[in-house]
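Beneath this line is the structure, given in structure tokens, with notes to follow.
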Amino acid sequence: MADDDRDDQKEYRWETGYEKTWEAIKDDEDGLLDGAIADIIQKAKRQRQAQKTKQNRLGMMRHLFLILDCSESMSVPDLKPTRLRCTLKLLDQFIEEFFDQNPISQMGIIALKAKRAEKITELTGTSRVHLKALESLANVPLTSEPSLQNGLDLALKTLKVVPSHASREIVIVMGSLTTCDPVDINLTIDELKKEGIRCSVISLSAEIHVARYLTQQTRGTFGAVLDDAHFRDQLMSQVDPPPAAKTQHNSLIRMGFPHTKNEVEGKDAPLSMCMCHIENLEEPSELCTTGHHCPQCNSKYCELPVECQSCGLTLVSAPHLARSYHHLFPVPNFEEIPFESLPKASERTTECYACMKLFGPLADKTVFKCGFCKQLFCLDCDIFIHDTLHACVGCNTIPGVDGLVYQQSSKTVADDVHAGTSKHRGQFSI
């Protein structure tokens with residue numbers, strides 16, 4: 001009887017009562033959906049901010065493969081001018097932001113062309129290489145169907161040999177509703193799950209069952225875009241490092257901090273070539289005196305971060321490590337306050353503390369209040385503080401409140417260390 005009751009509860013989608021899903025999106029006074037889509041994007045951002053404050057153990061050293069659909073479906077003009085052109089434009093912004101927020105990470109690009117997978121760029125930490133590769137994809141012929149399995153297998157071969165202390169991820173931009181695979185794709189999904197590789201999918205058409213199943217099995221995210229603004233938000237959500245996988249181990253990593261040689265024994269530094277361009281035929285290396293020298297083998301490089309080609313040492317600078325710090329201690333979410341509940345006695349409470357904009361009942365239906373400095377901020381400043389600045393303006397400018405959040409974080413860490421726990425140490429998983 002218990003089994004029969006359990007079977008009765010499992011109904012197919014078409015057997016349940018119909019849901020008015022279109023009521024979630026409402027048009028404004030002009031008959032446009034821009035306001036409803038903006039609300040959806042804002043709610044998604046607030047949800048991601050709430051997840052950041054949980055202090056999860058993060059994978060800071062990321063190895064990410066970006067798989068791009070280059071099939072016939074990418075020529076559809078629902079995203080202007082075409083899906084491919086819009087995607088390439090947004091990927092330019094994504095790559096710049098990715099390496100700005102994750103300076104010690106690496107990325108590679110794979111294109112799905114005519115049922116085949118082609119590796120456009122190898123895993124590298126230089127954004128210039130990926131941006132130049134995207135320019136070459138603008139004129140690629142869009143024909144046939146993609147093969148999702150071939151793209152996953154190609155990325156899996158490279159990510160398999162990545163050290164276990166690194167975060168391994170795949171982000172797929174899919175425009176087609178079908179995939180033409182040589183064998184059962186479930187075998188590849190099981191292998192990705194076994195290796196602990198996180199897969200996320202951004203669909204430009206509609207929800208695809210195999211893509212949703214892939215993300216569920218690998219603990220990734222799935223999203224179907226509504227327009228170019230929603231597409232950009234879906235991409236930028238992949239910038240922040242995800243929680244570390246269970247298969248990811250803690251490890252000490254050797255890193256070198258290069259030095260520059262402007263003078264050698266009172267004389268100008270000798271002319272030399274950098275290792276990063278010495279084998280590049282398109283951009284050959286030039287003789288110069290400036291550059292970053294590896295502290296272990298003295299090889300010269302023109303930009304950081306980079307992995308030394310001679311000794312394999314990871315070369316970084318102190319600002320690169322400092323920029324990864326804010327992911328571990330994000331700014332706490334501000335309290336949402338309706339505009340009607342604001343006191344009218346003081347002018348200070350009717351303007352944003354950061355941009356000094358006056359609050360209005362139409363443009364600012366909700367304002368945001370910091371829990372430490374008690375200052376009010378508008379929606380734009382709230383997004384800027386949490387997504388770009390990573391520091392509260394009021395907490396860092398008002399005397400007596402400066403550094404309050406970080407002092408409390410340090411105090412909590414000190415208490416944990418004193419108690420003999422390794423909670424804080426586990427968060428710094430790179």
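Some observations on this one:
- In the condition set (1) closer than 20 Å to S71 by Cβ; (2) modelled with pLDDT of 95 or more, D190 is compliant with all but (1).
- Residues satisfying the stated conditions in region 300-340, i.e. open to solvent by less than 60 Å² (accessible area, probe 1.4 Å) and under 30 Å from G360 (Cα atoms): P330, V331, P332, N333, F334, I337, F339
- Selection over region 136-153 of residues that are open to solvent by 40 Å² or more (accessible area, probe 1.4 Å) and modelled with pLDDT of 95 or more gives a count of 2.
- Condition check for I197 on (1) among the β-branched types (V, I, T); (2) within 24 Å of P243 (Cα to Cα); (3) without any contact (Cβ under 8 Å) to a residue 24 or more places away in the chain: one failure, at (3).
- Selection of region 355-388 for residues being touching a residue at least 40 places away in the same chain (Cβ under 8 Å) and not aromatic (F, W, Y) yields L379, D382, I383, I385, H386, D387.
The values are calculated or read from the model by the stated rules, or taken from the named source; none is laboratory data. Quantities reported herein were computed from a predicted structural model and do not represent experimental measurements. Because the Cβ atoms are built from the backbone with ideal geometry, glycine has one as well, and the counts that use them run over all protein chains shown. When the accessible area is computed, the model is the full protein with side chains, heavy atoms only, and any ligands, DNA or RNA have been set aside. Shrake-Rupley method; radii C 1.70, N 1.55, O 1.52, S 1.80 Å.
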